[in-house]
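Just below is one structure, and these are the notes that go with it.
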Amino acid sequence: MGAAELRVKGWAALVAGVSLVFAAVMAPAASAVPERASSADPRLTVTSVTLGRTAVAVSGLNTVAVPVTVAGGYPNTVSDDVFLNVFLDRTGGTGQLTYMAAALLTRDSGTLEKGIWKGFLYVPSTANGTFKVTGVLQGSVIDGSDGSMTTQTPFDGPAITVTGSHLPRIGVSIIPKVVPFGSAYKARVAITDAATGKPYGSRINVQITWDNLCVEHDGDRYLTNTGGIAERTYPAAAGDAGNCVRLRGRAFDTAGLGWVVSRPGIVAATPSRTTAPVGTVVPVNGTVVGVAAHDCPVVLQRLSGATAWRGVSQAAVRRSGRFTVLAQPPYVGNVIYRVSLPKCGRFQAGLSKNFVIRAT
């Protein structure tokens, strides 16, 4: 698109436009999307928005082009290349897609002060339900990646009903299932027809990427085989960031899946004293590997008898990855302790090595 290149709502589309399933190949999570604060552009006036269709039917990976016309104005600008973008929000039905956008409408007639802009809304099957025009935004960037703080100009516009069938379903397998720190790993993506459970039989362009490329711009592109399978090897550094698969539309992602990889629970703990009088409180300091482990609970356990472990103190991992629990040896002699990390989000359960506090 050259100078008019549209930076689509990457992860913003996945989160705001598509209800992102953030799988840790585990559990749903959320993703932060930069808020567009501030206010609408006072120069933009919108008189009317017209959709060329009130209802469409879309199947599979296809899209239907719906003409969009905006009457309005954008005066006091030095450029004649003024693009308008029309946003629609879901008002009925259920589905992964919660918004759509007709992007880069160009002026077809009239002047900047009073003109007609035309373009197309490319409707995917994942829009199954009803959508209504809710706002218009000027510019060639709609995801805020240019630093703009301008919001949409609200407009109560027409609605379109979408009958979607054979919607795509995205699945992902991470190899290995639990990714060691400092190791590369592989994502195996499968795209199938949700209605039949079978592949579409064609090669599909997908983006399998990570970090900010899930949020904005275009990510790393891959092509599935005819069975709907694509694989990507991620570098070790990607294991500490959000990963995602994006099915790209012209102005928004039509479907997507995001995840963070599972990590091992690696715990280390050391008592501040190895000898103490009976009943003395002895701080035990330790670490859990992984910056995302903060707020996970850890439990100090004391060996009771030959094999039974009893929880005696609990704390939460701090943002530094460190924690402090409190031992209080109850009898004279060698008291054996360890620290347990229960399974917490993406982190698997883990145990520290046993350690001894000799009570006198």
Taking the range 184-206 only, how many residues are over 26 Å from Ser262 (Cα atoms) and part of a strand (DSSP E or B)? 2
Output for the range 239-289, where each listed residue is farther than 23 Å from Gly321 by Cβ, part of a strand (DSSP E or B) and not small (Gly, Ala, Ser): Cys244, Val245, Arg246, Leu247, Arg248, Phe252, Asp253, Thr254, Leu257, Thr275
Give just the number: which of (1) surrounded by fewer than 23 Cβ atoms within 10 Å (Cβ to Cβ); (2) in the same structural domain as Gly228 (by TED's automatic domain parsing); (3) in contact with a strand residue (DSSP E or B) (Cβ under 6 Å, 6 or more places away or on another chain); (4) free of Cβ contacts under 8 Å to residues at least 60 places away in the same chain does Asn243 not satisfy? (1)
The range 309-346 - residue that is of a type in the set (Phe, Trp, Tyr) and touching a Ser or Thr at 6+ places or on another chain (Cβ under 8 Å) and, of those, farthest from Pro283 (Cα to Cα): Trp309
Residue among Ser140, Ser173, Ser165, Ser183 that is surrounded by fewer than 22 Cβ atoms within 10 Å (Cβ to Cβ) and under 30 Å from Arg43 (Cβ atoms): Ser140
In the range 52-73, the residues that are surrounded by fewer than 22 Cβ atoms within 10 Å (Cβ to Cβ) and either charged (D, E, K, R) or in contact with a Leu (Cβ under 6 Å, 6 or more places away or on another chain) (or both): Arg53, Val66
For residues that are in contact (Cβ under 8 Å) with a residue 60 or more places away in the chain and over 14 Å from Lys132 (Cα atoms), tally how many sit in the range 46-84. 13
Residue selected from the range 302-315 under the condition surrounded by 12 or more Cβ atoms within 10 Å (Cβ to Cβ) and of a type outside the set (S, T, N, Q), by the criterion nearest to Val289 (Cα to Cα): Ala315
Starting from residues that are buried (at least 19 other Cβ atoms within 10 Å of the Cβ) and without any contact (Cβ under 8 Å) to a residue 60 or more places away in the chain, keep the ones in the range 200-221 and report whichever is farthest from Asp253 (Cα to Cα). Trp210
Return yes or no: is Ser173 farther than 18 Å from Thr50 by Cβ and over 21 Å from the mean Cα position of the chain (by Cα)? no
Per-region count, the range 220-238, residues assigned to a strand (DSSP E or B) and modelled with pLDDT under 95: 1
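The values are calculated or read from the model by the stated rules, or taken from the named source; none is laboratory data. No experiment lies behind these values; they were computed from the predicted model shown. A quick note on method: Cβ atoms are made from the backbone with ideal geometry, for glycine too, and the neighbour counts reach across all protein chains shown.
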